[in-house]
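This is the structure I want to talk about, given as structure tokens.
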Amino acid sequence: MPDIPLSWYLIVASALFCIGLFGALSRRNAIGILMGIEVMLNAVNINLVAFWRYITPQALTGQVFVIVSITVAAAEAAVGLALILAIFRSRDTVNIEDVHLMKW
Amino acid sequence: MLANYAILAVFMVVAGLVPIGALATAWVIRPHKPNPVKSEIYECGIETVGEAWVQFKVQYYIYALVFVIFDVETAFLYPWAVAYNRLGVFALFEMSIFVAILLAGLLYAWRKGALEWV
Amino acid sequence: MQFIYDIGPRIVAITAQFLGQHFPAWAVQLILMIVSVATIAVFVLITFMFLTYLERKIIARMQDRIGPNRVGPLGLLQPVADAIKMMTKEDITPTVAHRAAYNIAPVLVVAPPLMAFAVIPFGKGMIAADLNIGILYAVAISSLGTLGLLMAGWSSRNKFSLIGAMRAVAQMVSYEVPMILSLMGVLMITGSLAMGQIVSKQAVPFIILQPVAFIIYFISSIAELNRTPFDIPEAESEIVAGYHTEYSGMKFAMFMMSEYVSVIVMAAVGTTVFLGGWRGPVLPSYIWFLLKIYVIIFVLMWFRGTLPRLRVDQLQGFAWKFCVPVALLNIFMSGIVIFLVPPNTTHPLVQVAAYAVGNIILAIVVLLLYRRPTARAAAAVSGA
Amino acid sequence: MSITQVAFILISAITLGSALAMVTSRTVFVAALWMVAAFVGVAALYILLEAGFLAAIQLLIYAGGIAVLILFAIMLTPRVMQPMEGLSRFNDQWMFVAAVSAFLFAGLWALAIRTDWPVNLQRVTGDNIFLLGRGFMTQYLLPFEVTSILLLVALVGAIVIARD
């Protein structure tokens with residue numbers, strides 16, 4: 001561990017974040033978008049753990065933050081997927097370009 | 001501490017190599033004689049009708065959902081269990097509140113009939 | 001004589017000393033790791049082959065048959081014959097299948113249960129990695145097996161496969177919750193997730209202190225294994241063979257292997273957590289461990305020889321409406337008893353007495369809570 | 001280069017490769033499988049960061065729980081299991097989005113390299129899991145109880161939405 005610089009973790013996390021961002025903004029499929037968001041959350045968690053280990057290893061806050069963030073991710077996935085299922089049931093599609101009820 | 005985890009990497013490699021090795025050996029030994037009829041999917045000998053990737057009912061999703069919520073709960077419960085016998089009885093009360101709130105969710109699902117298979 | 005008792009650590013020490021003269025320190029470590037992992041893998045594979053024989057023989061005896069008896073004395077070479085057959089059998093991949101996923105799925109099904117052995121203490125000082133997250137690691141790794149099943153079911157592109165996979169996964173996730181919760185009573189006593197600690201804290205086997213937890217653990221692990229009476233995912237009369245309908249030859253053997261390796265994992269975890277692990281008088285520690293594992297496995301086979309298959313709704317209802325609430329009540333009971341009788345300071349006998357009272361109260365509460373539903377179910381059965 | 005550095009590079013390559021495969025694969029089911037591979041890679045990174053408990057939680061919740069949830073949702077929407085005929089997997093703005101993501105990555109990279117982080121490489125002492133458990137009961141009691149309400153809301157909300 002000690003011979004890996006902190007910036008390596010940050011770079012990997014930001015790469016993962018950008019890949020997730022690309023997935024979330026460019027997929028047509030609503031479930032694909034949700035998967036992109038989950039990957040982005042993971043990237044943030046890597047950063048949190050890295051900062052905990054390298055900057056405040058004696059405090060617990062970093063780890064608690066990660067556990068809470070995982071909880072939020074799980075809740076988000078549960079509700080998000082339920083919404084997608086509801087949309088699929090009423091409109092018979094998961095392509096979000098077909099779902100434009102609130103669009104001008 | 002990392003040395004303790006290094007053996008997990010070795011485990012992962014071996015656990016991967018065992019099935020891959022077995023499959024590779026079989027691949028060398030066994031005959032390869034596919035024909036169109038043989039390579040059809042097996043549905044009791046009757047020709048397949050319709051698409052295999054059928055739609056499932058929402059009940060499956062509900063079970064997975066309740067599972068994920070309780071799975072997340074373990075992330076909080078396991079550290080609590082480890083710390084409990086050094087904490088005292090107030091920890092039991094705090095824990096009971098946490099579990100009671102989640103149990104309310106389970107009871108709601110139960111009352112609404114979301115846990116029935118039907 | 002002492003050598004036989006701690007044969008594992010002795011051999012490791014001797015090998016390390018021998019290798020130390022010829023190789024640098026990191027190479028010695030690496031070689032030792034590889035050797036110990038390989039030993040565990042070989043042990044597991046041999047047990048797996050033996051179990052396939054044992055299961056057929058025991059079930060046959062229970063059903064008043066003889067079982068395998070042609071290959072070798074008492075049919076003992078039957079597993080070898082099976083292995084040769086599996087190896088040389090043609091392997092059929094359906095043309096419509098998703099090839100990559102179809103071929104990777106058998107590997108993904110076998111690997112997680114094999115990895116779980118990393119934290120199992122096979123005997124005194126015979127544990128590959130005594131992680132501080134021990135038991136949680138075993139649970140987390142085994143939960144990955146569901147993905148292999150879903151992959152197999154989906155990629156076969158066969159209705160039976162997909163239905164079987166979905167049923168299997170729904171069942172496994174439902175029973176994972178009571179399993180996780182049932183382990184907690186023990187963790188509250190030990191104050192550690194490390195397997196080594198869990199064993200060393202068991203002056204009295206935890207099955208005596210936590211019988212309810214053990215029963216729930218046992219039931220939910222049978223459901224996790226998809227074995228009778230919870231074998232709906234593989235119900236031959238309904239959906240052919242479930243998720244491995246399309247698989248043949250060696251790939252099919254991988255699914256069988258995953259099932260039996262999971263049985264060994266489940267028995268090993270149950271032994272370590274509830275039956276006192278390798279602890280026991282007179283005999284060497286690893287022999288005790290093996291004996292206890294085989295007792296659990298025998299009960300599993302007994303179940304299979306005795307019980308009929310449940311219905312899907314009964315199964316899911318049992319997980320959520322009975323196992324989860326009872327497991328939570330058990331945690332609550334343990335919490336109160338631990339508060340009254342701290343585990344580290346009181347005499348084991350006092351603890352046994354305290355837990356006996358706690359468990360009796362727990363049993364009465366459960367019986368009172370479930371009196372009406374049971375009566376209703378009984379009325380429904382007799383009415384129909 | 002030390003062994004841990006090699007391990008880090010290997011794990012990162014697997015994680016990022018899986019994530020890339022996830023966003024580019026045509027079939028949603030396959031994308032979800034790649035996502036699981038990325039989750040496992042992240043768990044390995046946690047182990048390198050000496051956060052074993054978080055790694056186990058990552059495996060249990062993400063790879064075992066959320067992945068199953070997503071795969072089940074895919075099974076409930078059958079048309080998405082095959083690539084959409086005639087339609088690309090990406091929407092019309094994907095090139096623009098790719099440019100933005102690349103730009104953002106370049107910026108974050110520069111930020112990570114240039115900033116002088118106040119690194120404090122003390123050894124992690126004590127029983128981490130015990131400390132977490134005690135933390136949840138004392139200092140972090142409020143977040144602990146609030147998450148249970150969050151979970152309750154998510155459970156009830158998702159059940160209401162998913163069943164008509």
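The values are calculated or read from the model by the stated rules, or taken from the named source; none is laboratory data. The structure displayed is predicted, hence computed values, not measured ones. Don't worry about glycine lacking a Cβ; one is built from the backbone with ideal geometry, like all the others, and counts go over all protein chains shown.
Assess whether residue C:137 counts as being assigned to a helix (DSSP H, G or I), over 25 Å from the mean Cα position of the chain (by Cα) and not hydrophobic (A, V, I, L, M, F, W, C).
Numbers: assigned to a helix (DSSP H, G or I): yes; over 25 Å from the mean Cα position of the chain (by Cα): no; not hydrophobic (A, V, I, L, M, F, W, C): yes.
So residue C:137 does not fit the description; no.
Being of a type outside the set (A, V, I, L, M) and under 21 Å from residue C:266 (Cβ atoms) is the filter here, so list the residues in the range C:95-136 that pass it. Steps first, answer last, please.
Kept after step one, since they are of a type outside the set (A, V, I, L, M), are these residues of the range C:95-136: C:95, C:98-99, C:102-103, C:106, C:112-113, C:117, C:121-125, C:130, C:132, C:134.
Scanning the range C:95-136 gives C:106, C:112, C:113, C:117, C:121, C:122, C:123, C:130, C:134.
When you scan the range D:5-24, do you find a residue that is within 14 Å of chain C (Cβ to nearest Cβ), surrounded by fewer than 17 Cβ atoms within 10 Å (Cβ to Cβ), closer than 23 Å to residue A:4 by Cα and modelled with pLDDT under 90, even just one?
yes
To keep it simple, each residue is scored yes or no on (1) part of a helix (DSSP H, G or I); (2) at the interface with chain D (Cβ under 10 Å from one of its Cβ atoms).
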{"position": "C:132", "(1), (2)": "no, yes"}
{"position": "C:146", "(1), (2)": "yes, yes"}
{"position": "C:153", "(1), (2)": "yes, yes"}
{"position": "C:163", "(1), (2)": "yes, no"}
{"position": "C:173", "(1), (2)": "yes, yes"}
{"position": "C:183", "(1), (2)": "yes, no"}
{"position": "C:207", "(1), (2)": "yes, no"}
{"position": "C:214", "(1), (2)": "yes, no"}
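Return yes when residue B:85 is farther than 30 Å from residue D:77 by Cβ, at the interface with another protein chain (Cβ under 7 Å from one of its Cβ atoms) and either at pLDDT below 85 or loosely packed, with under 14 Cβ neighbours inside 10 Å (or both) and no when it is not. Spell out how you get there, then give the answer.
Details: farther than 30 Å from residue D:77 by Cβ: yes; at the interface with another protein chain (Cβ under 7 Å from one of its Cβ atoms): yes; either at pLDDT below 85 or loosely packed, with under 14 Cβ neighbours inside 10 Å (or both): yes.
In short, yes.
So which residues in the range A:80-104 are under 22 Å from the mean Cα position of the chain (by Cα) and surrounded by 19 or more Cβ atoms within 10 Å (Cβ to Cβ)?
A:80, A:81, A:82, A:84, A:85, A:87, A:94 - these are the residues of the range A:80-104 that are under 22 Å from the mean Cα position of the chain (by Cα) and surrounded by 19 or more Cβ atoms within 10 Å (Cβ to Cβ).
Suppose we keep only residues that are assigned to a loop (DSSP other than H, G, I, E, B) and at positive phi within the range C:58-116. Which one would you say is surrounded by the most Cβ atoms within 10 Å (Cβ to Cβ)? Let's see the steps before the verdict.
Of the range C:58-116, the ones assigned to a loop (DSSP other than H, G, I, E, B) are C:63-72, C:76-77, C:89-98.
Next, from what is left, pick out any that are at positive phi: C:64, C:67, C:72.
Values: C:64: 6, C:67: 18, C:72: 14.
The qualifying residue surrounded by the most Cβ atoms within 10 Å (Cβ to Cβ) is C:67.
Considering (1) surrounded by fewer than 24 Cβ atoms within 10 Å (Cβ to Cβ); (2) in contact with a helix residue (DSSP H, G or I) (Cβ under 7 Å, 6 or more places away or on another chain), say which one residue C:196 fails and leave the rest.
Every listed condition holds for residue C:196 apart from (2).
For residue A:60, indicate whether it is at the interface with chain D (Cβ under 7 Å from one of its Cβ atoms) and either buried (at least 16 other Cβ atoms within 10 Å of the Cβ) or of a type in the set (Lys, Arg) (or both).
Numbers: at the interface with chain D (Cβ under 7 Å from one of its Cβ atoms): yes; either buried (at least 16 other Cβ atoms within 10 Å of the Cβ) or of a type in the set (Lys, Arg) (or both): yes.
Yes: the conditions hold for residue A:60.
Taking residue D:40 as the residue in question, decide whether it is part of a helix (DSSP H, G or I), within 29 Å of residue C:155 (Cβ to Cβ), within 13 Å of chain C (Cβ to nearest Cβ) and not aromatic (Phe, Trp, Tyr).
Values: part of a helix (DSSP H, G or I): yes; within 29 Å of residue C:155 (Cβ to Cβ): yes; within 13 Å of chain C (Cβ to nearest Cβ): yes; not aromatic (Phe, Trp, Tyr): yes.
The answer is yes for residue D:40.
Considering only residues that are at pLDDT 65 or above and more than 7 Å from chain A (Cβ to nearest Cβ), look in the range D:71-87 and name the one that is nearest to the chain's Cα centre (by Cα).
Step one: of the range D:71-87, the residues at pLDDT 65 or above are D:71-78.
Going one step further and asking which of them are more than 7 Å from chain A (Cβ to nearest Cβ), we end up with D:71-72, D:75, D:78.
Details: D:71: 16, D:72: 18, D:75: 22, D:78: 25 Å.
Per the criteria, the residue is D:71.
Residue by residue, here is whether (1) away from every other protein chain (no Cβ under 12 Å); (2) under 18 Å from residue C:368 (Cα atoms); (3) part of a helix (DSSP H, G or I) holds:
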| site | (1), (2), (3) |
| --- | --- |
| C:309 | yes, no, no |
| C:315 | no, no, yes |
| C:323 | no, yes, yes |
| C:326 | yes, yes, yes |
| C:333 | no, yes, yes |
| C:337 | no, no, yes |
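Looking at the range C:22-42, is at least one residue within 14 Å of chain B (Cβ to nearest Cβ), among the polar types (S, T, N, Q) and not in a helix (DSSP H, G or I)? Break it down stepwise before answering.
Initial filter on the range C:22-42 (within 14 Å of chain B (Cβ to nearest Cβ)): C:25-42.
Next, only the ones that are among the polar types (S, T, N, Q) stay: C:29, C:36, C:39.
Narrowing the set further to residues that are not in a helix (DSSP H, G or I) leaves none.
Checked the range C:22-42: no residue is within 14 Å of chain B (Cβ to nearest Cβ), among the polar types (S, T, N, Q) and not in a helix (DSSP H, G or I).
Any chance the range B:108-118 includes a residue that's among the acidic types (Asp, Glu), surrounded by 13 or more Cβ atoms within 10 Å (Cβ to Cβ), under 22 Å from residue C:170 (Cβ atoms) and at pLDDT 85 or above? Spell out the reasoning first.
Step one: filter the range B:108-118 for residues among the acidic types (Asp, Glu), giving B:116.
Adding the requirement that they be surrounded by 13 or more Cβ atoms within 10 Å (Cβ to Cβ) leaves B:116.
Remaining after also requiring under 22 Å from residue C:170 (Cβ atoms): B:116.
Narrowing the set further to residues that are at pLDDT 85 or above leaves none.
Within the range B:108-118 (the criterion being among the acidic types (Asp, Glu), surrounded by 13 or more Cβ atoms within 10 Å (Cβ to Cβ), under 22 Å from residue C:170 (Cβ atoms) and at pLDDT 85 or above), the answer is no, since none of the residues qualifies.
Still on this structure, I have one more. Filter the range D:103-122 down to the residues that are at the interface with chain A (Cβ under 7 Å from one of its Cβ atoms) and assigned to a helix (DSSP H, G or I), then identify the one that is nearest to residue D:16 (Cα to Cα). Outline the logic, then answer.
Step one: list which residues in the range D:103-122 are at the interface with chain A (Cβ under 7 Å from one of its Cβ atoms), which gives D:104-105, D:108-109, D:112-113, D:117-122.
Filter again for assigned to a helix (DSSP H, G or I), leaving D:104-105, D:108-109, D:112-113.
Details: D:104: 16, D:105: 13, D:108: 16, D:109: 15, D:112: 18, D:113: 19 Å.
Across the range D:103-122, the extreme among qualifying residues is D:105.
Conditions tested, residue by residue: (1) touching a helix residue (DSSP H, G or I) at 6+ places or on another chain (Cβ under 7 Å); (2) touching a residue at least 60 places away in the same chain (Cβ under 8 Å); (3) closer than 20 Å to residue B:60 by Cα.
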site	(1), (2), (3)
C:140	yes, no, no
C:153	yes, yes, yes
C:158	no, yes, yes
C:171	yes, yes, yes
C:215	no, no, no
C:220	yes, yes, yes
C:245	yes, yes, no
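Now a separate question. Look at the range C:250-263 and say how many of its residues are surrounded by fewer than 21 Cβ atoms within 10 Å (Cβ to Cβ) and farther than 18 Å from residue C:47 by Cα.
Of the residues in the range C:250-263, 1 are surrounded by fewer than 21 Cβ atoms within 10 Å (Cβ to Cβ) and farther than 18 Å from residue C:47 by Cα.
Given the options C:79, C:73, C:121, name the one that is over 29 Å from residue C:162 (Cβ atoms), touching a residue at least 40 places away in the same chain (Cβ under 8 Å) and more than 10 Å from every other protein chain (Cβ to nearest Cβ). Break it down stepwise before answering.
Working: C:79 fails: touching a residue at least 40 places away in the same chain (Cβ under 8 Å); C:73 fails: touching a residue at least 40 places away in the same chain (Cβ under 8 Å).
Answer to the selection: C:121.
Restricting to the range D:129-144, name every residue that is facing another protein chain (nearest Cβ under 7 Å) and assigned to a helix (DSSP H, G or I). Full working, then the answer.
First pass over the range D:129-144, keeping only residues facing another protein chain (nearest Cβ under 7 Å): D:129-137, D:140-141, D:143-144.
D:129, D:130, D:131, D:132, D:133, D:134, D:135, D:136, D:137, D:141, D:143, D:144, listed by residue number.
Can you tell me which of A:7, A:90 is among the hydroxyl-bearing types (Ser, Thr, Tyr), facing chain D (nearest Cβ under 7 Å) and either without any contact (Cβ under 8 Å) to a residue 40 or more places away in the chain or not in a helix (DSSP H, G or I) (or both)? Let's see the steps before the verdict.
Numbers: A:90 fails: facing chain D (nearest Cβ under 7 Å).
So the residue among A:7, A:90 that is among the hydroxyl-bearing types (Ser, Thr, Tyr), facing chain D (nearest Cβ under 7 Å) and either without any contact (Cβ under 8 Å) to a residue 40 or more places away in the chain or not in a helix (DSSP H, G or I) (or both) is A:7.
Which of the residues spanning the range B:88-115 are within 7 Å of another protein chain (Cβ to nearest Cβ) and assigned to a loop (DSSP other than H, G, I, E, B)?
Within the range B:88-115, B:112, B:114, B:115 meet the criteria.
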